[in-house]
1. In nm², what is the average projected area of the convex hull enclosing the Cα atoms of the chain?
2. Residue by residue, what Karplus-based ³J(HN,Hα) values in Hz, rounded to whole numbers, does the range 5-16 have, using 6.51, -1.76 and 1.60 with θ = phi - 60° and x for Gly and Pro?
3. Give the shape of the range 178-223 as rounded, prolate or oblate, defined through the alpha-carbon gyration tensor: a ≥ b ≥ c are the square roots of its eigenvalues, a/c under 1.5 means rounded, and otherwise the shape is prolate if a/b is larger than b/c and oblate if not.
4. Would you rank D189, D179, D221 by solvent-accessible area, highest first, keeping every protein chain in place and using a 1.4 Å probe?
5. If I take every Cα pair under 8 Å that is 6 or more residues apart in the range 6-307, average their sequence separation and divide by the length, what percent do I get for the relative contact order?
6. With every protein chain in place, what's the accessible area of R128 (1.4 Å probe, Å², nearest 10)?
7. Is the shape of the range 154-194 rounded, prolate or oblate, going by the alpha carbon gyration tensor and its root eigenvalues a ≥ b ≥ c, with a/c under 1.5 for rounded and a/b larger than b/c for prolate?
8. With a cut-off of 12 Å, note down the residues of the range 213-238 whose backbone N falls inside the zone around a label point 7 Å from the Cα of A195 toward its beta carbon.
Amino acid sequence: MSARVIITEVAPRDGLQNEAGVIPTDDKLRLIGMLADCAVDEIEATSFVSPKWVPQLADAEAVVEAIMGRKQPPRYSVLVPNKRGFDRFQSFVDRGAWLKLAVFTAASESFSQKNTNASIEDSIERFREFVPDALAQGIPVRLYISCVIACPYEGDIEPRRVREVADDLMSLAPQESIDRGLIEIDLGDTIGVGAPADIIALLSEFDESVRSQRLVLHLHDTHGRAAECVRAGLQMGVKKFDSSAAGLGGCPFAGSPENPAPGNIATSILVETLRSEGFACGVDIDKLRTASEYAASIVARARAQQVS
Ligand code: HMG
Ligand code: MG
């Protein structure tokens, strides 16, 4: 039997956060429903970040309200930057929502400052105010590290630096939570500059058991190398990948308005790559095609409204 790979679909969050236009909540919910229907494993639904920083996701409460009744895969995750965001998250958990928590820092100081107005160390101290609490409740937690290959402001990032940040993040988790599989570390090639050799050098910093159990690769397709990087990840034993329907997305602080950071690896490319390498993922490719067309159409509509 083919080895199973886990896919997190990030279009509703990473895909839409960088759009100049605001996508209506109903369109986001329809997209989320279509993606769930494709049988992806997880969907990153939205962010409880400051709406002043990311107005595109200011409707996060309405999005989570609509999906909170669902208790079967896909599991929904929400990005949270601080205790204020966690309080918003917790209020849904208290009402029975089956959510995963995602927090984010970076391997580059400049990127961390621009993205969250905090140093890497301070961002991890912010997480200490609520990540242990989430784990104690049995909530799974994703720990993102951005700029694991290079930073738009600082250039190349040493793999050793990424490993140090990962170790600091792991200090948030008691051993028992790690043993229960509640923690994952998501390595983001935020600006999509990685080549397979970079991915292999990065992953070599981690033990084989960590690579296969806890690491996620979050690839952006700037130079059309994301599929090759997926192959490198698979070769190194990684079993979890992020992708975005229609390849939407990019981080709002990774580029500039004139030169925005390119999108995530398209889910269709990820699925095709996994299949060609003999891995299984359970995604319905026809439904994915329809969902991807819809994702592209709502973004195109919002862009057209911006112009007119
Ligand atoms: P700050 O301005 O330093 O914080 O932002 P603040 O405490 O001064 O707050 C500013 C205002 O926001 C205040 O409102 C707060 O109350 C409010 P005011 O008093 O002025 O009316 N506020 C909040 N409101 C709602 N929810 C909250 C919240 N926090 C503060 N949680 C902060 C610091 C971290 C909040 C801000 O920098 C922020 O929200 N950053 C998020 C940026 C973001 O979402 N970036 C994209 C995600 S990362 C990414 O995409 C990379 C990834 O995909 C991986 C990869 O590709 O590599 C994950
Ligand atoms: Mg991203």
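The values are calculated or read from the model by the stated rules, or taken from the named source; none is laboratory data. In this text the structure is predicted, and so the values were computed from the model without any measurement. We place every Cβ from the backbone using ideal geometry, glycine too, and count neighbours over all the protein chains shown. What goes into the accessible areas is simple: the full protein's heavy atoms, side chains included, and nothing from ligands, DNA or RNA. Shrake-Rupley method; radii C 1.70, N 1.55, O 1.52, S 1.80 Å.
1. Average projection, Cα convex hull of the chain: 14.3 nm².
2. Those phi angles translate into 10, 9, 10, 9, 8, 10, 4, x, 9, 5, x, 9 Hz.
3. Oblate is the answer for the range 178-223, as a/c is 1.5 or above yet b/c matches or exceeds a/b.
4. Sorted descending by solvent-accessible area, the residues read D179, D221, D189.
5. 21
6. For R128, the solvent-accessible surface is approximately 90 Å².
7. prolate
8. The answer is 225.
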